[in-house]
1. May I ask you to give the percent of accessible area on the chain that is carbon plus sulfur, with a probe radius of 1.4 Å?
2. Provide E46, E88, E6 ordered by accessible surface of protein heavy atoms (probe 1.4 Å), highest first.
3. With every protein chain left in place, what is the accessible area per residue of the chain in square angstrom, probe 1.4 Å?
4. Compute, for the chain, the length of the dipole vector about the Cα centre, with Cβ point charges of +1 (Lys, Arg) and -1 (Asp, Glu) only. Units Debye, rounded to 20.
5. Please list L18, L47, L80 from largest to smallest accessible area, probe radius 1.4 Å, with all protein chains kept in place.
6. Give me the lysines in straight-line cross-link reach of K3: C-alpha distance below 26 Å, same-chain residues under 8 apart excluded.
7. For K75, K86, give me the order by solvent-accessible area with a 1.4 Å probe, most accessible first, ignoring ligands, DNA and RNA.
Amino acid sequence: QVKLVESGGGLVQPGGSLRLSCAASGSIFGINAMGWYHQAPGKQRELVARIWRSGITNYADSVKGRFTISRDDAKNTVYLQMNSLKPEDTAVYYCNMERGPQSYWGQGTQVTVSS
């Protein structure tokens, strides 16, 4: 089993920055992809960014050039640096890790972008 714990959410003004962290514990051998999703009220959960074991990254078009996903394998942690935040980025952000057909989720952290 894999346990994921997110941190770093909060309230920020438009144009501001936040860094989300997701620490993994448990049986993390074989994790092939780590990512961040977000879900706004009344909307479906959507992929924000993903980093593969190879280091290749994918981003949603809406965050390209503003968000950066990275990982620290020694700490079993994945990060999401969010810059130039917009009100439309407001959502609950979930950490996700995949191992073959298995998908693990964190509990989510709220990000609110508002003046």
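The values are calculated or read from the model by the stated rules, or taken from the named source; none is laboratory data. Since the structure is predicted, the reported quantities are computational estimates derived from the model, not experimental observations. Neighbour counts are summed over all protein chains in view; Cβ atoms, including those assigned to glycine, are modelled from backbone coordinates with ideal geometry. Ligands, DNA and RNA are excluded from the accessible area calculation, which covers all protein heavy atoms including side chains. Shrake-Rupley method; radii C 1.70, N 1.55, O 1.52, S 1.80 Å.
1. 49 percent
2. Correct descending sequence by accessible area is E88, E46, E6.
3. 53 Å²
4. With Lys and Arg at +1 and Asp and Glu at -1, about 120 debye.
5. L47, L18, L80
6. In chain and number order, the partners are K43, K75.
7. In descending accessible area the options line up as K75, K86.
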